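See structure below.
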Amino acid sequence: MTIEQLYSPNGAAEKFIQSAPGGKIYHLPEIQRLIQNTFGHETIYLQAKEGDDVCGVLPLVHMKNRLFGNFVISVPFFNYGGVCSENEAATNAMLEEAIRITKERQASHLELRHVEKIYPQLPGKSHKVAMILDLPEDSEKLWQSFKSKLRSQIRKPEKEGLTVQIGKMELLRHFYSIFTVNMRDLGTPVYSKYLFANMLHSFPDNAWIICVYKDKLPVAAGFVVGFGEMMEIPWASSLREYNRLSGNMMMYWQALKLALDEGYRKFDFGRSTPNEGTYKFKAQWGAEPLPLNWEYWLAHGGALPDISPKNAKFQAAIKVWQKIPLPVTKIIGPAIVKNIP
């Protein structure tokens, strides 16, 4: 068993991820390049091999700043990451190497974003779930599985004259115009538009934007990406003043139909806290919770890191951010959020 630190990962790693049961798009080398190009963070890519065969990968990102600290994570900005491995020896060897790298950078902790708990010896968090919908053979069967209230909500935007477009780079401007408003209203610094442009560029065949319009005004939009048997919607937003038209319902319905048309067997509605609003919204579509296990190695012990918006020490900053003019948030937001994993 050998652990290699790759600076230019080759096709062997990608081939392994494509076939590995736990392989996610976020394990691919393209995501490491995207994070480095978009945010400027140092990325480290570990590959486990037995002889000439790849048997595991672990993408790592080193984040260091005065406000949020010094840590190593797999991977930031997304729901998934961590170790992708096919045997216990590789799983353990990659953790040892990741800890060594964390110590070498004098970081406070290592965070691994897993679905299943892989390392019982490590402390972790499991308070979040992904909401997963198993898709039937076609959209008609999916439609029939919905309750009448949900079908009525999906029909409403069409009756209100809303229209929808599915595209790629040509819809980025419209998607981003909604996304920036939504993030400001939530009190969250907004990502740079380059993140989404780089996603579309890195995954030209399996990333799309879905945008809903009232006349020519974009009122709801989502960004979807597919890998393996799963299509995921990492980002979705709508303009609150038009929520009565249910544009978001049209957007999600079109996303589900796109997943079916493209041959995906599951749809990931994204991360939620059980029994909160977004959880209930996703559950009405038939999505079931999949517990997420984020595991930590702590250099000095103590409490687990908490950089979530619910952390009390960030509440004042969130309230201030909600009052900042939108054009200003677009300028200073990306410089802040690039340090929030």
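The numbers here are math on the coordinates, done by the rules we state, and not lab data. Computed from a predicted model, the values in this text were never measured in an experiment. Methodologically, a virtual Cβ is constructed for each residue, glycine included, from the backbone with ideal geometry; neighbour enumeration extends over all protein chains shown.
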Give the Rg (one decimal place) followed by the Dmax (whole number) of the range 104-214, computed from C-alpha coordinates and expressed in Å.
19.7, 60
In the chain, if the dipole is taken from +1 on Lys/Arg beta carbons and -1 on Asp/Glu beta carbons about the Cα centre, which of PRO341, HIS27, ILE101 is farthest to the positive end?
PRO341
Ranked from fewest to most other Cβ atoms within 10 Å of their own Cβ, ASP268, ASP185, ASP138 fall in the order ASP138, ASP185, ASP268
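I need ILE166, ILE25 ordered by Cβ neighbour count within 10 Å, fewest first. Each step should come with its number before you reach the end.
Details: ILE166 17, ILE25 22.
Sorted ascending by nearby Cβ count, the order is ILE166, ILE25.
Take every Cα pair under 8 Å in the chain that's 6+ residues apart, average their separations, divide by the length, and report that relative contact order as a whole percent.
Working: 633 pairs, mean separation 73.7, N = 341.
About 22 percent, as a whole number.
From the helices alone, meaning DSSP H stretches of at least four residues, give me the mean residue ellipticity at 222 nm for the chain, per-run term -39500 (n - 2.57), in deg cm²/dmol to the nearest 500.
Numbers: 11 runs with 122 residues, N = 341.
Per the formula, -11000 deg cm²/dmol.
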Using the 10 angstrom Cβ neighbour count as an exposure proxy, how do GLU14, GLU86 rank, fewest first?
GLU14, GLU86
As an exercise, use a Förster radius of 22 Å and the Cβ-Cβ distance of GLU170 and GLU14 to find the FRET efficiency, rounded to the nearest 0.05.
0.20
If N is the number of residues in the chain, what value comes out of its Cα radius of gyration divided by 2.2 N^0.38 Å?
1.01
For the range 1-74 and the range 142-190, what is the separation of their Cα centres, given in Å?
33
Among GLN322, ASN293, LEU258 - extreme Cα towards positive end, dipole of the range 243-332, charges at beta-carbon
GLN322
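What fraction of the Cα pairs in the range 130-291, stated in percent, has a spacing above 25 angstrom? Don't skip to the answer; put the middle values down first.
Working: 3436 of 13041 pairs.
Counting pairs separated by more than 25 Å, the tail of P(r) holds 26 percent.
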Only Lys, Arg (+1) and Asp, Glu (-1) charged, at Cβ; the chain dipole about Cα centre in debye
1900
